[in-house]
Amino acid sequence: MARRKKPLPFIEKLEIVDVGAEGKAVGRYNERVVFVPFAATGDVADVQVFKKRKNYYEARIVHLHKKSEYRVEPECSHFGLCGGCKWQHIDYQYQLAFKQKQVRDALERIAKVPYPDVMPILGSDKPYYYRNKLEFTFSDRRWLTELDTSKEEGGPENTNGLGFHLPGMFDKILDIEHCYLQKDPSNDIRVEVKKYALEHGLSFYNVRSQEGFLRNLIIRTAVTGDLMVIVVFGHESNEIADVMDFVAERFPEITSLMYVVNEKKNDTISDLEIKLFKGKPFIMETMPSPVEGEPPFRFKVGPVSFYQTNPEQAFKLYKTAFEFAEFQGNELVYDLYTGTGTIAAFISRAVKRVIGVEYLEDAVRDARENMKLNAIDNVEFYSGDLAGLLDEEFFATQGKPDIIVTDPPRAGMHQKVVRQMLIAGPQKIIYVSCNPATQARDIALLNEKYEVKKVQPVDMFPQTHHVENVVLLGKR
Ligand code: SAH
């Protein structure tokens, strides 16, 4: 006999007491943690549980009795549905305070090593319109909201949309009216391309049947004013030229206009031929030097090259790393997880030699080109998995580093990499991280030989729970 499912609890007057993992607000009910997205510390709310797990519930706000003092009115009309800026309802100053606390908590609870006062987080002057890259998805079945007519009323005639994936749902696209993440003319481009497509009856992609003409729209802006637009089509067609002509004429400010035909199941375009329609095959980024009076660095960013998505804050991040190092001029520095070599370039003028290591060969190719572009001749790059590449032989041929700068992805460093760092024994390690939890885990291992000297969080992603953190470790 089928067991009747017990209804999930409706919790009255739940008090939100903290910010937990993934930035979700936290309450407590019957010895269980309750995660409530889009709530804020200090809220008192009736919530409906929609997911029950062994140790926690996930619940949605049904009625808000008391508003948190940290709340502000979200700017964006898509707040609450869109996965992009989940902290818009929290005052920016408090967002910063929560991030600061997240860094402290990680050191306290995960690293469990002595550490000095965490320096006040470097906030952003631009809490909106800070991203230089956005990727939008076309869908013939956009997520319907209360603005659409209901099923009983016949439903909307047209369900085409262009926007972002709903959090955790690969096939659900939220149509976006205005996005607060990227500067002009990003919104105009998205809106105009959609309008053109609707007016001309072009088909929007369907992820389930893998059919449809328009798939993705990628927009990359640069501090130089350069602007790249890539239109991704689901199949070849004579209409491609018409779409591209329209974009080129409507937005003459685009400096790099490209398109791709993607007939694969996944959205990745790095393995496809990207065709240049108009302009240059790259955009130029610049970043100031950490030393005043010195010329800025220039970086070439191709359609699939990695570049920090918030360049103004990336400068503060790199500058922190630079200042923590207190270079004397004669050092051999390893820049691990170097990407396209931006940190390597940034520090190159202040040291004797830099060795950059990076997994992706394409990134290394970009990195080498970037060095040429900046007339930097004291940086060398090696491509490979750090866990295998960094060994005694590498140190014997390249020399042991005086300083290591490391900037791993969210998963942090492989234990083997940490062990090799301990063997190499540089005077200082500067650990740049986008995930304070894995950083703290790695710091616990490094504690064998290194103590935490300085901690500086940086906010690269306002309106989200993400935080970047730079730690200076000194040899004991
Ligand atoms: N420091 C760079 C990029 C940091 S992102 C910047 O500031 O722009 C992290 C980089 O680590 C990515 O480029 C990724 O390709 C690389 N990476 C990830 N795992 C790696 C591994 N096991 N070995 C080497 N590089 C790796």
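Here is a check on your reading of the model: is ASP385 modelled with pLDDT of 95 or more, open to solvent by 50 Å² or more (accessible area, probe 1.4 Å) and more than 16 Å from the ligand (Cβ to nearest atom)? Considered against the rule, which asks whether it is modelled with pLDDT of 95 or more, open to solvent by 50 Å² or more (accessible area, probe 1.4 Å) and more than 16 Å from the ligand (Cβ to nearest atom), ASP385 comes out as no. Close Cβ contacts (under 7 Å, 6 or more residues apart or on different chains) running from residues in segment 398-424 that are in the same structural domain as LEU446 (by TED's automatic domain parsing) and assigned to a strand (DSSP E or B) to residues that are within 13 Å of the ligand (Cβ to nearest atom) and open to solvent by 20 Å² or more (accessible area, probe 1.4 Å) comprise THR406/TYR337.
Filtering PHE10, PHE38, PHE50 for residues that are more than 22 Å from GLY168 (Cβ to Cβ) and of a type outside the set (Lys, Arg) leaves a single hit, PHE10. Across segment 185-206, the qualifying residues are those that are open to solvent by 50 Å² or more (accessible area, probe 1.4 Å) and in contact (Cβ under 8 Å) with a residue 24 or more places away in the chain, and the one among them that is nearest to TYR130 (Cα to Cα) is ASP188. Does ALA59 meet the test of being of a type outside the set (Phe, Trp, Tyr), closer than 18 Å to VAL458 by Cα and open to solvent by less than 50 Å² (accessible area, probe 1.4 Å)? Answer is no for this residue. For the residues ILE376, ILE355, the requirement of being within 18 Å of TYR307 (Cβ to Cβ), of a type in the set (Val, Ile, Thr) and either modelled with pLDDT of 95 or more or not in a helix (DSSP H, G or I) (or both) singles out ILE376. Look at ASP402 and say whether it is farther than 25 Å from SER270 by Cβ, more than 12 Å from the ligand (Cβ to nearest atom), open to solvent by 20 Å² or more (accessible area, probe 1.4 Å) and in contact with a Pro (Cβ under 7 Å, 6 or more places away or on another chain). It is true that ASP402 is farther than 25 Å from SER270 by Cβ, more than 12 Å from the ligand (Cβ to nearest atom), open to solvent by 20 Å² or more (accessible area, probe 1.4 Å) and in contact with a Pro (Cβ under 7 Å, 6 or more places away or on another chain). The set of residues in segment 207-217 that are under 17 Å from TRP143 (Cβ atoms) and open to solvent by 60 Å² or more (accessible area, probe 1.4 Å) contains only ARG208. When GLY123, GLY212 are checked against the criterion of being modelled with pLDDT of 95 or more, among the small types (Gly, Ala, Ser) and not assigned by TED's automatic domain parsing to the domain that holds ASN266, a single residue qualifies: GLY123. Scanning segment 82-121 for residues that are basic (Lys, Arg) and in a helix (DSSP H, G or I), we see that the one that is nearest to the chain's Cα centre (by Cα) is LYS99. When PRO436 is tested against the conditions (1) more than 27 Å from GLN328 (Cβ to Cβ); (2) open to solvent by 20 Å² or more (accessible area, probe 1.4 Å), the lone failure is (2). Scanning segment 349-373 for residues that are surrounded by fewer than 20 Cβ atoms within 10 Å (Cβ to Cβ) and away from the ligand (no atom under 14 Å from the Cβ) gives ARG349, ALA350, LYS352, ARG353, ARG368, GLU369, LYS372, LEU373.
Among residues of segment 81-108 that are of a type in the set (Asp, Glu), those with a Cβ under 7 angstrom from a residue that is surrounded by fewer than 21 Cβ atoms within 10 Å (Cβ to Cβ), sequence gap 6+ or separate chain, pair up as ASP91/TYR70; ASP91/VAL72. Select from segment 35-53 the residues that are of a type in the set (Phe, Trp, Tyr) and over 13 Å from LEU64 (Cα atoms) and list them in ascending order. Hits for segment 35-53 are PHE35, PHE50.
Screening PHE346 with (1) assigned to a helix (DSSP H, G or I); (2) open to solvent by less than 50 Å² (accessible area, probe 1.4 Å); (3) more than 17 Å from ALA321 (Cβ to Cβ); (4) within 13 Å of the ligand (Cβ to nearest atom) gives one miss only, at (3).
The values are calculated or read from the model by the stated rules, or taken from the named source; none is laboratory data. All values derive from a computational prediction rather than experimental measurement. So basically every Cβ, Gly included, is an ideal-geometry build from the backbone, and we count neighbours across all protein chains shown. Note: accessible area is taken over every heavy atom of the protein model, side chains too, but ligands, DNA and RNA are not part of it. Shrake-Rupley method; radii C 1.70, N 1.55, O 1.52, S 1.80 Å.
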